[in-house]
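Working notes, beginning with the structure itself.
The values are calculated or read from the model by the stated rules, or taken from the named source; none is laboratory data. Predicted model, so just to flag it, every value in this text is computed and none were measured. FYI the Cβ positions are ideal-geometry reconstructions off the backbone, even for glycines, and counts take in every protein chain you see.
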Amino acid sequence: MPVLPTDISDEEFKQWVKEKWGYKKLPIAGSTPPGSAKFFRTGDWAAQRPKLIVENCISCLECYFLCPDSAITMETGDDDKAHPKFDYFYCKGCGICANECPGRKGEKAIIMEDI
Ligand code: SF4
Ligand code: SF4
């Protein structure tokens, strides 16, 4: 298995993966270099996507911390409070954010919708 060189640029990394790996050469139970997922449109895998119900959001940041794909950024809403914004390029639709969102008084601030 070829070993990824350290300290290479994004372009060099993409070229390296194309030439050295391809999906047939991926390591068995191995690991990929940190940050490599940014090159892949993982949002294509999703069957559902999260939708914000802003009036139920208490700005707790739980969704932001728990998203496994860093597909959530927090942005200031019209109410001057922080609310999640979903990056559908990377969101795989796993539903963790919706499951873990405490919402307001039991009403979820994130629901999952079919695509
Ligand atoms: S987990 Fe729910 S309540 Fe907390 S910031 Fe995210 S959307 Fe808002
Ligand atoms: S559905 Fe999953 S991948 Fe998408 S924003 Fe929520 S936690 Fe992140």
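Taken together, the criteria place Glu75 among residues that are more than 11 Å from Gln48 (Cβ to Cβ), at pLDDT 95 or above, surrounded by fewer than 17 Cβ atoms within 10 Å (Cβ to Cβ) and more than 11 Å from ligand 2 (Cβ to nearest atom). Selection of segment 58-76 for residues being touching a strand residue (DSSP E or B) at 6+ places or on another chain (Cβ under 7 Å) and within 10 Å of ligand 1 (Cβ to nearest atom) yields Ile58, Ser59, Leu61, Cys63, Tyr64, Ile72, Met74.
The set of residues in segment 38-64 that are within 12 Å of ligand 2 (Cβ to nearest atom) and surrounded by 16 or more Cβ atoms within 10 Å (Cβ to Cβ) comprises Thr42, Gly43, Ala46, Gln48, Arg49, Pro50, Leu52, Glu62, Cys63, Tyr64. Of all residues assigned to segment 33-55, at least one qualifies as being under 28 Å from Glu100 (Cβ atoms), at pLDDT 90 or above and over 22 Å from the mean Cα position of the chain (by Cα).
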